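Take a look at the structure set out below.
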Amino acid sequence: MYTMSLGDDGAELCPLEPWQADEFLAHMDRGREFIGARNGLPDVVTDLESGRAFLRAYAEKAAADTGRIHGIRLDGTLVGAVILRTLDTANGTAEAGCWLEPAATGRGLVTRAARALVDWAIEVRGIHRVEWVVSSDNAPSIAVARRLGMTRDAVLRESHAYRGRRHDEEVWSVLAEEWRAAKAAEAAEAAEPLGTSG
């Protein structure tokens, strides 16, 4: 199985598959309360079979080219994931998402992993628009959208019912030409020689 380095801190991005359900459940158990504050996944993945079923559903999406899931590992331990909840190559659209267990927060892992996944969607699969849908009160996830160069397109007022409350959802997106322009600007900045002082 392949992995992609996310930096020099031991972080890696790698596929998650149904045979890894034990590890996936252990990760979910470690982060259940933290992840569940804003993400319904811990209510879905409650035991080994439900964890395997969730990963199987994404394996089927990958086989059909309609979605992806990749785990975020830190020093070999699964600590989170980034996903393409939807992937529609015919229409050139995708929706990305993420989660992370609390011990791994504050290191930029989601931003680095999401950047790799968005880049793959645009450059390899030809996606024109990648969306990020997030609760308005989820400041860390909104910060990731901003760091990815996304624009807030809309606020869908009280559009999402979760755990007895209605939440506003924000739709953020980046278009392929914006993504490529930002990458080119970063590359040009990195290539500039350091200034000299007299």
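Tabulated data
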item: Subset of segment 3-21 (residues that are touching a Lys or Arg at 6+ places or on another chain (Cβ under 7 Å), open to solvent by 20 Å² or more (accessible area, probe 1.4 Å) and not in a loop (DSSP other than H, G, I, E, B)); result: Glu12, Pro18
item: Condition broken by Leu87, with the remaining ones in (1) open to solvent by 50 Å² or more (accessible area, probe 1.4 Å); (2) under 14 Å from the mean Cα position of the chain (by Cα) satisfied; result: (1)
item: Residue within segment 159-174 that is among the polar types (S, T, N, Q) and touching a residue at least 24 places away in the same chain (Cβ under 8 Å) present; result: yes
item: Residue tally, condition assigned to a helix (DSSP H, G or I) and either modelled with pLDDT of 95 or more or of a type in the set (A, V, I, L, M) (or both), over segment 87-111; result: 5
item: Residue list for segment 159-186, filter: of a type in the set (Ser, Thr, Tyr) and buried (at least 19 other Cβ atoms within 10 Å of the Cβ); result: Ser173
item: Any hit, segment 92-105, residues being surrounded by fewer than 21 Cβ atoms within 10 Å (Cβ to Cβ) and free of Cβ contacts under 8 Å to residues at least 24 places away in the same chain; result: no
item: Some residue of segment 115-137 being touching a Lys or Arg at 6+ places or on another chain (Cβ under 7 Å), part of a loop (DSSP other than H, G, I, E, B) and of a type in the set (S, T, N, Q); result: no
item: Residues satisfying the stated conditions in segment 25-80, i.e. assigned to a loop (DSSP other than H, G, I, E, B) and buried (at least 22 other Cβ atoms within 10 Å of the Cβ); result: Val45
item: Residue match in segment 138-147 (condition: crowded, with 16+ Cβ neighbours inside 10 Å, farther than 16 Å from Leu13 by Cβ and basic (Lys, Arg)); result: no
item: Criterion: in contact with a Leu (Cβ under 6 Å, 6 or more places away or on another chain), at pLDDT 95 or above and not acidic (Asp, Glu) - qualifying residue of Arg152, Arg125, Arg129; result: Arg129
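Yes/no per residue for (1) hydroxyl-bearing (Ser, Thr, Tyr); (2) open to solvent by less than 100 Å² (accessible area, probe 1.4 Å):
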site	(1), (2)
Thr151	yes, yes
Ala154	no, yes
Arg157	no, no
Ala190	no, yes
Pro193	no, no
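The values are calculated or read from the model by the stated rules, or taken from the named source; none is laboratory data. Note that the structure is a prediction, hence the values are computed from the model and not measured. Every residue, glycine among them, receives a Cβ derived from its backbone with ideal geometry; neighbour counts consider all protein chains shown. To get the accessible areas, we keep the full protein, side chains included, count just its heavy atoms, and leave off ligands, DNA and RNA. Shrake-Rupley method; radii C 1.70, N 1.55, O 1.52, S 1.80 Å.
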